[in-house]
Ligand SMILES: Nc1ncnc2c1ncn2[C@@H]1O[C@H](COP(=O)(O)OP(=O)(O)OP(=O)(O)O)[C@@H](O)[C@H]1O
Ligand SMILES: [Mg+2]
């Protein structure tokens, strides 16, 4: 099959198929979901919503994946499970070989801090802190000392093109610069997976394009990226497009040719 031919799967449980998971630059699985459900209950214990209804999914190291689907289909719920912000109701989540169900709440939160970089639609920067302090914050929680903390924050900010804005406060930055600062904060911890829920949703087209270019560059350097988007043009830059429907994966399409050339 030509590498330009997308591999299309239209069912819920094929995402472990090895044929779907091979590309020269993809490594071992970093995230595996097996039959994951997420149920929200009413106060009386009856089921309110089945937000995830048995998701099987394997994300190999280095893959750039888009998650799409209608509002309420379970995208953010899936991201929250993958990002260790929430636990499955049933099923198994294995993050870098470690079953998340075996972790205490404390080690889960530690794992999240070490392995996951989260970028939200609203940038969630702390307005009282400078850009550099914002980027240092997750490292502070990890107990990284002041010198290395500063070094890593500056490196991350230089990577996103904000090396000359270290002392600015978030309200002294443009929207795109704020989002780049949020990306630097997510990168400073050197995460295993970079997760973004509608990262360009609050940005104008040109600024959104600059952010997506940054994602392309990170991907070319080997970063594993999972991004929720409603925008087909944004998803077109990804190597894999997963569409959710009613708490299940409806389609899962691989585009191996979308590998970006290394940036340098
Ligand atoms: N904390 C919660 N308590 C109860 N129900 C919830 C909760 N969070 C999400 N839901 C429900 O779970 C379903 C999936 O929600 P989710 O936020 O994952 O959707 P989504 O695909 O991200 O939608 P959107 O595109 O609007 O962000 C929805 O029906 C939602 O109402
Ligand atoms: Mg959502």
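Listed values, structure above:
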| quantity | calculated |
| --- | --- |
| Selection status of residue 145, more than 16 Å from ligand 2 (Cβ to nearest atom) and within 21 Å of the chain's Cα centre (by Cα) | no |
| Every residue from segment 179-223 that is closer than 24 Å to residue 112 by Cβ and assigned to a loop (DSSP other than H, G, I, E, B) | 189, 190, 191, 192, 198, 199, 200, 201, 202, 221, 222, 223 |
| Output for segment 58-71, where each listed residue is more than 13 Å from ligand 2 (Cβ to nearest atom), under 18 Å from residue 197 (Cα atoms) and in a strand (DSSP E or B) | 59, 64, 65, 66 |
| Meets criteria (assigned to a helix (DSSP H, G or I) and either without any contact (Cβ under 8 Å) to a residue 12 or more places away in the chain or in contact with a strand residue (DSSP E or B) (Cβ under 8 Å, 6 or more places away or on another chain) (or both)) for residue 121 | no |
| Residue among 244, 227 that alone is surrounded by 16 or more Cβ atoms within 10 Å (Cβ to Cβ), outside any loop (DSSP other than H, G, I, E, B) and under 13 Å from the mean Cα position of the chain (by Cα) | 227 |
| Residue that is surrounded by fewer than 19 Cβ atoms within 10 Å (Cβ to Cβ), at pLDDT below 95, over 30 Å from residue 97 (Cβ atoms) and in contact with a strand residue (DSSP E or B) (Cβ under 9 Å, 6 or more places away or on another chain), where the choices are 190, 158, 209, 236 | 236 |
| Failed item, numbered, when residue 97 is tested on (1) surrounded by 20 or more Cβ atoms within 10 Å (Cβ to Cβ); (2) more than 10 Å from ligand 2 (Cβ to nearest atom) | (1) |
| Odd one out for residue 117 among (1) within 28 Å of residue 203 (Cβ to Cβ); (2) surrounded by fewer than 18 Cβ atoms within 10 Å (Cβ to Cβ); (3) within 21 Å of the chain's Cα centre (by Cα) | (2) |
| Unmet requirement for residue 51, which otherwise passes all of (1) closer than 20 Å to residue 138 by Cα; (2) surrounded by 21 or more Cβ atoms within 10 Å (Cβ to Cβ) | (1) |
| Matching residues in segment 74-94 - criterion: being assigned to a loop (DSSP other than H, G, I, E, B) and near ligand 2 (Cβ under 9 Å from one of its atoms) | 74 |
| Pairs, first in contact (Cβ under 8 Å) with a residue 40 or more places away in the chain in segment 106-117, second exposed (fewer than 14 other Cβ atoms within 10 Å of the Cβ) and not in a helix (DSSP H, G or I), C-beta under 8 Å, six or more apart | 113/142; 114/142 |
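The values are calculated or read from the model by the stated rules, or taken from the named source; none is laboratory data. Because the structure is a prediction, the values reported are computed rather than measured. Neighbour counts run over all protein chains shown; Cβ positions are idealised from the backbone, glycine included.
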